[in-house]
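*Asks:* Before we start, here is the structure in question, set down as structure tokens.
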Amino acid sequence: MPELVKKKQIGPSTALYPMPTLLVAVKTGDDSANILTIAWGGIIAGRPPIIGIAVGKNHYSTPFLQAEGNFSINIPNSQQDVPADYCGTISGTRDPEKATTCGFTLVPSTIISAPLISECPLNFECRTYREVEFSGSILFMGEVVETHVAEAVLNEDGRIVTEKLDPLVFLPNREYRKIGDFISKPFSVGRQLAR
């Protein structure tokens with residue numbers, strides 16, 4: 001069995017990075033789970049932290065998401081593009097063992113029934129807060145009830161270091177990318193325009 005990545009629980013948070021590739025895991029049976037890749041998702045509220053994900057009504061995972069009432073969101077790093085893409089292009093009906101196929105280790109969450117992907121450096125445990133149906137999809141709004149971060153991506157103050165997290169980014173023009181260079185500090189750089 002592979003050595004599990006050490007994590008530190010940091011409580012509910014809004015530590016979701018811009019336009020990440022989201023690997024969503026949901027329990028599908030007593031000893032099974034499916035992983036699906038979601039590109040359309042993000043933080044939609046801060047207090048409590050809520051992440052929204054849009055899932056097609058006909059997706060394999062949709063009835064499990066509705067029945068379980070929870071899911072995990074796992075942020076892959078830029079070296080995990082192949083398994084992340086696989087989980088988004090192959091249905092759970094075709095490969096019910098996606099985690100094994102991709103070399104991922106599913107580990108229990110601390111609060112919800114959906115597992116976490118150990119190899120992903122950032123994981124969110126989400127309890128379904130609300131579902132909204134629209135144009136062939138369902139927006140699942142999940143309240144973040146716990147956040148797990150690999151210790152290796154934290155600095156000495158316990159904050160996530162972007163370069164160490166190295167999240168896999170999906171762009172609408174069908175590209176996976178890495179986050180680029182630091183530019184400036186938000187909530188302060190704009191002050192130079194104040195008169």
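*Asks:* Please specify each residue of region 147-194 satisfying the condition of being of a type in the set (Lys, Arg) and part of a loop (DSSP other than H, G, I, E, B). Even if it seems obvious, please write down each step before you answer.
*Replies:* So in region 147-194, the residues of a type in the set (Lys, Arg) come out as 159, 164, 174, 177-178, 185, 191.
Matches in region 147-194: 159, 174, 178, 185.
*Asks:* Let me ask something else. If I ask for residues that are touching an Asp or Glu at 6+ places or on another chain (Cβ under 6 Å) and either of a type in the set (Asp, Glu) or modelled with pLDDT under 95 (or both), which ones from region 121-137 would you list?
*Replies:* As a first pass, look at region 121-137 and keep what is touching an Asp or Glu at 6+ places or on another chain (Cβ under 6 Å): 125, 127, 129.
Residue satisfying the conditions is 125 alone.
*Asks:* Can you find a residue that is in contact with a Pro (Cβ under 6 Å, 6 or more places away or on another chain), assigned to a helix (DSSP H, G or I) and modelled with pLDDT of 95 or more anywhere in region 100-120?
*Replies:* yes
*Asks:* Output the residue which, of all residues in region 121-146 that are in a loop (DSSP other than H, G, I, E, B) and touching a strand residue (DSSP E or B) at 6+ places or on another chain (Cβ under 8 Å), is surrounded by the fewest Cβ atoms within 10 Å (Cβ to Cβ). Can you show your working first?
*Replies:* Narrowing region 121-146 to residues in a loop (DSSP other than H, G, I, E, B): 121, 135-136.
Adding the requirement that they be touching a strand residue (DSSP E or B) at 6+ places or on another chain (Cβ under 8 Å) leaves 121, 136.
Numbers: 121: 25, 136: 9.
Ranking the candidates gives 136 first.
*Asks:* If you scan region 42-81, which residues turn out to be buried (at least 22 other Cβ atoms within 10 Å of the Cβ) and either closer than 23 Å to residue 160 by Cα or among the β-branched types (Val, Ile, Thr) (or both)?
*Replies:* 51, 53, 55, 71, 72, 73, 74, 75, 76, 80
*Asks:* Could I ask something else about it? Test each condition in (1) of a type outside the set (Asp, Glu); (2) modelled with pLDDT of 95 or more; (3) touching a Leu at 6+ places or on another chain (Cβ under 7 Å) for residue 66 and report the one that comes out false.
*Replies:* It fails just one condition, (3).
The values are calculated or read from the model by the stated rules, or taken from the named source; none is laboratory data. Given the structure is predicted, the values throughout are model-derived calculations rather than measurements. Neighbour counts are summed over all protein chains in view; Cβ atoms, including those assigned to glycine, are modelled from backbone coordinates with ideal geometry.
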